[in-house]
1. Using only the alpha-carbon atoms, how far is helix 31-41 inclined from the longest principal axis of the chain? Give it as 0 to 90 degrees, nearest 10.
2. Using the Cβ atoms and a cut-off under 15 Å, what net charge is assigned to the surroundings of LYS77, where Lys and Arg are +1 and Asp and Glu are -1?
3. Can you tell me the FRET efficiency between GLU154 and ALA175 if r is taken as the Cβ-Cβ distance and R0 is 35 Å, rounded to the nearest 0.05?
4. Hey, what angle do you get for helix 2-11 against the long axis of the chain, alpha-carbon based, 0 to 90 degrees rounded to 10?
5. If the only charges are +1 at each Lys and Arg Cβ and -1 at each Asp and Glu Cβ, what is the size of the charge dipole of the chain around the Cα centre, to the nearest 20 debye?
6. Which of the listed residues, SER91, SER110, ALA79, is farthest toward the dipole's positive end in the range 76-116, when Lys, Arg count +1 and Asp, Glu count -1 at the beta-carbon?
7. Just list whichever of LYS41/LYS102; LYS102/LYS160; LYS41/LYS94; LYS41/LYS71; LYS40/LYS90 have alpha carbons separated by over 30 Å in the model shown.
8. Using only the alpha-carbon atoms, how far is helix 63-76 inclined from the longest principal axis of the chain? Give it as 0 to 90 degrees, nearest 10.
Amino acid sequence: ENLFSQLQLIENSSAHIIEWRLDYLLDRNDIIELLKEIKKKTTKLILVTFRREEEGGVSPISSEEYFNLLKKIINSKQADLVDIELSLGKSSIKELHHYATKTGTKLLYSAHFFSHTPSVNQMIEILTEMEELEVKLEADIREIMLVIPNIIDESVPIGKDDSENVEVERFGEPA
């Protein structure tokens, strides 16, 4: 009930995005149902975040539980954006990116430092890792797209080989 009264306050504000921090929930069993209700009651974009304890969050969760929770949220199509901690690891992030691509969910990658401010070199390494990850994911998408055949227009006559091609129009002279 408190969640929905806060949601009404946010809905009436000038905010464009709602960040829902799941690590503050005591019961994570009904997250998808709650997300559906939130989605019905707002016109704002919904960013779902779960901070693990090592990233400054308040609830303990294993890497496997964290991955499965994010996968469940992404596959539900109820969140517009999902925050993924880089510390989850490249293979898990790549798999989540696959699900997000299928559902149209946008991902936000994050890294947190509470004990110190990272050096410029550390920040460059993190940004480079994010860029490399994005390039690899984009390359995977391009590779998948290359194996998808072109759909032939229904007006194109089908022949057994190129000798049965029909010349419809000619431009210029053959060389």
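The values are calculated or read from the model by the stated rules, or taken from the named source; none is laboratory data. These numbers were taken from a predicted model, which means no experiment stands behind them. Using ideal geometry, Cβ is built from the backbone for each residue, glycine included, and neighbour counts are taken over all protein chains shown. Side chains are part of the model used for accessible areas, which takes the heavy atoms of the whole protein and leaves out ligands, DNA and RNA. Shrake-Rupley method; radii C 1.70, N 1.55, O 1.52, S 1.80 Å.
1. 80
2. That sum, taken over residues with Cβ under 15 Å, equals +4.
3. 0.65
4. So the inclination is approximately 60 degrees.
5. I would put it at about 780 debye.
6. SER91
7. Those over the limit are LYS102/LYS160; LYS41/LYS94; LYS40/LYS90.
8. 60
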